[in-house]
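Single-structure report; data block below.
The values are calculated or read from the model by the stated rules, or taken from the named source; none is laboratory data. Here the structure is a predicted model, which means the values were calculated and not measured. No Cβ is skipped: glycine too gets one built from the backbone with ideal geometry, and neighbour counts run over all protein chains shown. Heavy atoms of the whole protein, side chains included, go into the accessibility calculation; ligands, DNA and RNA do not. Shrake-Rupley method; radii C 1.70, N 1.55, O 1.52, S 1.80 Å.
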Amino acid sequence: ISLTLLFSFCRNLLARKQNARLDKQNDLGWKLFGKVPLRENTQKDSKKIQKEYEDKTGRPSKPPSPKQNVRKNLDFEPLSTTALILEDRPANLPAKPAEEAQKHRQQYEEMVVQAKKRELKEAQRRKKQLEERCRVEESIGNAVLTWNNEILPNWETMWCSRKVRDLWWQGIPPSVRGKVWSLAIGNELNITHELFDICLARAKERWRSLSTGGSEVESEDAGFSAADREASLELIKLDISRTFPNLCIFQQGGPYHDMLHSILGAYTCYRPDVGYVQGMSFIAAVLILNLDTADAFIAFSNLLNKPCQMAFFRVDHGLMLTYFAAFEVFFEENLPKLFAHFKKNNLTPDIYLIDWIFTLYSKSLPLDLACRIWDVFCRDGEEFLFRTALGILKLFEDILTKMDFIHMAQFLTRLPEDLPAEELFASIATIQMQSRNKKWAQVLTALQKDSREMEKGSPSLRH
Amino acid sequence: MQVPHKEHLYKLLVIGDLGVGKTSIIKRYVHQNFSSHYRATIGVDFALKVLHWDPETVVRLQLWDIAGQERFGNMTRVYYREAMGAFIVFDVTRPATFEAVAKWKNDLDSKLTLPNGKPVSVVLLANKCDQGKEVLLNNGLKMDQFCKEHGFVGWFETSAKENINIDEASRCLVKHILANECDLIESIEPDIVKPHLTSSKVAPCWWVMQQS
């Protein structure tokens with residue numbers, strides 16, 4: 001079962017529950033003003049109230065107090081006192097003068113009119129919300145059909161068509177997300193399920209020998225010392241407990257703990273030259289939420305094999321700096337004011353981009369939003385990671401330009417948790433990945449060439 | 001007469017092996033809370049702590065919480081620039097993290113010095129002391145010796161979980177940084193001190209001394 005699906009199911013259930021509660025509150029609320037039906041004009045309301053009032057004054061014995069309703073729902077206590085203004089004074093006090101009673105009647109009517117207005121507005125808002133949700137659910141339903149029946153069976157011919165690209169930008173429905181990601185990432189490395197099993201078996205062997213403290217004599221891994229490997233496996237253990245800890249599914253005893261452990265362990269056996277690097281656990285976790293273990297491993301290995309990911313996960317500092325430099329070219333082009341502000345404050349991309357790129361935004365953005373970023377990243381490649389960064393910066397440009405270094409750094413390393421998806425995508429859409437007619441890849445290549453020449457020309461400048 | 005308000009801004013590094021509790025210590029120190037659910041730090045995280053050092057002095061600490069994986073070495077070293085002090089943290093329940101302490105210290109000293117060429121003040125934190133495995137620390141004298149040999153200005157057994165010794169450790173570090181800064185003044189020619197610096201929000205220590 002897809003976990004994402006489960007999540008969205010729970011969310012819908014919750015939303016429905018909340019809605020039901022609201023309706024109930026609504027009913028109760030109206031009872032407080034007598035049996036005034038919804039959607040009657042206010043003119044009639046006041047007449048009716050007037051009548052009720054007359055009934056009431058005509059009958060000295062107290063009618064059922066509105067407070068009785070209040071007991072059922074304490075949320076409405078403030079409103080419940082509204083009708084009290086019409087009550088007669090207690091017997092031990094002088095009676096209400098007629099003009100004051102009249103004033104109270106007026107005030108009461110005004111209050112009722114206001115409350116009615118509020119209720120009507122609220123009802124309209126809820127109706128709109130409901131319609132919006134139905135619309136979204138329907139469009140997701142339609143999208144699932146399109147993906148399953150039209151696009152996936154004809155992947156090779158359709159994936160780069162205009163129609164598919166547009167649909168893709170809207171977000172891939174969770175039920176087909178894994179399949180689309182797998183297809184888009186591809187399997188250049190030709191990894192089979194059998195290869196995954198072999199790597200996993202080897203990883204398990206190592207865990208066993210480590211826990212029993214047995215000595216290892218494996219000549220094939222020469223160059224990667226036992227200590228290194230031990231450290232790598234130890235790091236995986238430490239990091240798994242710190243991967244989406246709030247979801248409580250990857251931690252020891254959680255349903256996805258073993259899967260995450262397996263993928264990361266198998267990868268260190270598959271690519272001992274790369275090993276385990278922090279950030280990987282987040283990427284593997286997101287894949288696990290959308291794919292079976294072996295397919296997640298295949299996607300994981302191929303994803304990390306992309307040039308940008310390889311540069312970062314091998315911590316090729318020179319190449320990383322080239323990526324940052326390319327990013328800054330587009331930063332200056334798209335957001336010159338903010339760029340100057342960052343420069344003035346010495347806020348360099350390595351301060352905020354490292355986390356974003358290493359975890360592909362899965363740590364810094366809400367998970368469902370991060371998945372939407374991954375959707376388009378799978379479509380557009382590494383360029384979209386940097387475009388997203390610029391979209392985020394643009395979205396918060398006004399706030400950021402008012403901040404000093406430390407507050408900007410804090411803000412960017414801990415983005416708001418309620419970052420709205422549609423606003424972010426709208427912001428990203430306005431970012432031009434074109435600088436003086438050069439595209440991302442061209443800018444990057446030119447900078448790489450420059451840095452290579454600089455290295456050759458003046459080796460003393462190298463750090 | 002009103003006492004001039006002195007403000008200092010210091011960049012402090014928090015370094016040490018992965019998972020020793022750097023983020024937890026900072027969260028405890030700055031936000032006064034603890035959670036066992038912190039996510040791994042990738043790259044660097046930030047926090048700001050304002051200390052009312054004495055009635056006339058405010059100290060602002062910019063805390064740089066740096067990812068602990070050794071692999072990130074070259075990448076994270078750029079974060080050391082212009083720091084005035086550091087905490088090196090290890091986990092008392094994992095001896096390997098203590099073995100790495102000397103490596104972190106050497107690395108720091110080789111990449112960062114004060115303007116006068118001296119190493120920055122560093123305090124050693126033996127974290128997770130609430131876990132009861134004090135194998136490493138049963139001999140305080142040995143630790144004192146270790147700190148002396150490796151040039152730490154002090155060491156503390158800390159617990160972010162139980163809030164033990166974190167404020168004390170920070171005061172110790174800030175005290176040394178303030179003292180260091182005053183040493184720096186002496187090496188600076190007096191004619192460099194220009195009155196217009198009074199307008200500067202962050203008064204360097206040597207200027208503060210001139211006024212007092």
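Please name which of A:N142, A:W159, A:Q129 has its Cα lying farthest along the dipole of region A:123-163 towards the positive end, using unit charges on Cβ (Lys, Arg +1; Asp, Glu -1) and the Cα centre as origin.
A:Q129
With a point put 7 Å past each Cα toward its Cβ, work out how far B:R81 is from A:D273 in nm, to one decimal.
Between B:R81 and A:D273, the simple spin-label model gives 3.2 nm.
So for each of A:292-298, A:351-357, A:306-312, A:99-105 I average, over its residues, the number of other beta carbons within 10 Å; can you give me the resulting order with the highest mean first?
A:351-357, A:292-298, A:306-312, A:99-105
Report the one residue of A:L444, A:C378, A:A389 whose Cα lies farthest in the direction of the positive end of the charge dipole of region A:309-463 (charges on C-beta: Lys and Arg +1, Asp and Glu -1; origin at the Cα centre).
Of the options given, the answer is A:L444.
Counting only heavy atoms of protein chains, what accessible area per residue, in Å², does region B:40-173 have with a probe of 1.4 Å? All intermediate terms of the calculation are to be shown ahead of the outcome.
Details: 5660 Å² over 134 residues.
On a per-residue basis, 42 Å².
List, in order, the whole-Hz ³J(HN,Hα) value for each residue of region B:99-104 obtained from phi through the Karplus relation with A = 6.51, B = -1.76, C = 1.60 and θ = phi - 60°; use x for Gly and Pro.
Residue by residue, region B:99-104 yields 4, 7, 4, 4, 5, 4 Hz.
Tell me: how much accessible area in total is hidden between A and B, 1.4 Å probe, Å², nearest 100?
By this definition, chains A and B bury close to 2800 Å².
Rounded to the nearest 0.05, what FRET efficiency do A:D258 and B:C182 have when you use their Cβ-Cβ distance and R0 = 51 Å?
E between A:D258 and B:C182, to the nearest 0.05, is 0.35.
Got a sec to turn the phi values of region A:252-257 into Karplus ³J(HN,Hα) couplings, 6.51 cos²θ - 1.76 cosθ + 1.60 with θ = phi - 60°, whole Hz, x for Gly and Pro?
So the J values, rounded to whole Hz, are 3, x, x, x, 10, 4.
Please compute the length gained on full extension between A:K204 and A:R133, using 0.36 nm multiplied by the number of residues separating them and subtracting their Cα-Cα distance.
Computed gain between A:K204 and A:R133 is 20.9 nm.
Measure off 7 Å from each Cα along the Cα-to-Cβ vector at B:H5 and A:K456, then give the distance between these two points in nanometres to one decimal.
5.8 nm
What's log10 of I(q)/I(0) for region A:362-463 at q = 0.18, 0.21, 0.22 Å⁻¹, Debye sum over Cα points only, no solvent?
Treating every Cα as an identical point scatterer, log10 I(q)/I(0) equals -0.95, -1.08, -1.12.
If you take the beta carbon distance between B:S110 and A:C160 as r and set R0 to 51 Å, what does 1/(1 + (r/R0)^6) give as a FRET efficiency, to the nearest 0.05?
According to the calculation, E is roughly 0.50.
Give me the distance in nm between label points sitting 7 Å out from Cα along the Cα-to-Cβ direction at B:N74 and A:T212, one decimal.
4.0 nm
Once you have a ≥ b ≥ c as the square roots of the Cα gyration tensor eigenvalues for region A:252-377, tell me rounded if a/c is under 1.5, and otherwise prolate or oblate according to whether a/b is larger than b/c.
prolate
Only four residue types carry charge here, +1 at the Cβ of Lys and Arg and -1 at the Cβ of Asp and Glu. Report the dipole size of region A:82-186 about the Cα centre in Debye, rounded to the nearest 20. Please report the intermediate quantities before stating the final value.
Numbers: 19 positive and 15 negative charges, 47 e Å.
Its charge dipole is roughly 220 debye.
Which ³J(HN,Hα) values in Hz, rounded to whole numbers, follow from the phi angles of region A:408-424 under the Karplus curve 6.51 cos²θ - 1.76 cosθ + 1.60, where θ = phi - 60° and Gly and Pro get x?
These are the phi-based 3J(HN,Hα) values: 5, 4, 5, 4, 6, 8, 9, 5, x, 6, 9, 4, x, 4, 5, 5, 5 Hz.
Compare each residue of region A:243-278 in its chain alone against the assembly with all protein chains, and report those whose accessible area goes down by 40 Å² or more; 1.4 Å probe, heavy atoms.
Residues of region A:243-278 that lose at least 40 Å² of accessible area once the other chains are added: A:P245, A:Q278.
If a/c stays under 1.5 just call it rounded; otherwise compare a/b with b/c (prolate if a/b is bigger, oblate if not). Do that for region B:1-159, with a ≥ b ≥ c from the square roots of the Cα gyration tensor eigenvalues.
rounded
Efficiency by 1/(1 + (r/R0)^6): what FRET value for A:A98 and A:D418, r their Cβ-Cβ distance, R0 = 56 Å, to the nearest 0.05? Could you put the intermediate results ahead of the total?
Numbers: r = 54 Å, r/R0 = 0.97.
Calculated value: 0.55.
Accessible area drop of at least 20 Å² (1.4 Å probe, protein heavy atoms): which residues of region B:34-48 qualify, relative to the chain alone?
By number: B:H37, B:Y38, B:R39, B:A40, B:I42, B:V44, B:D45, B:F46, B:L48.
What are the residues whose amide H is under 5 Å from the amide H of B:G16, where those residues sit 5 or more places off or on another chain and H is modelled from the backbone?
B:V89
Of B:K49/B:K161; B:K103/B:K161; A:K121/A:K363; B:K27/B:K175, which sit over 28 Å apart, Cα to Cα?
A:K121/A:K363
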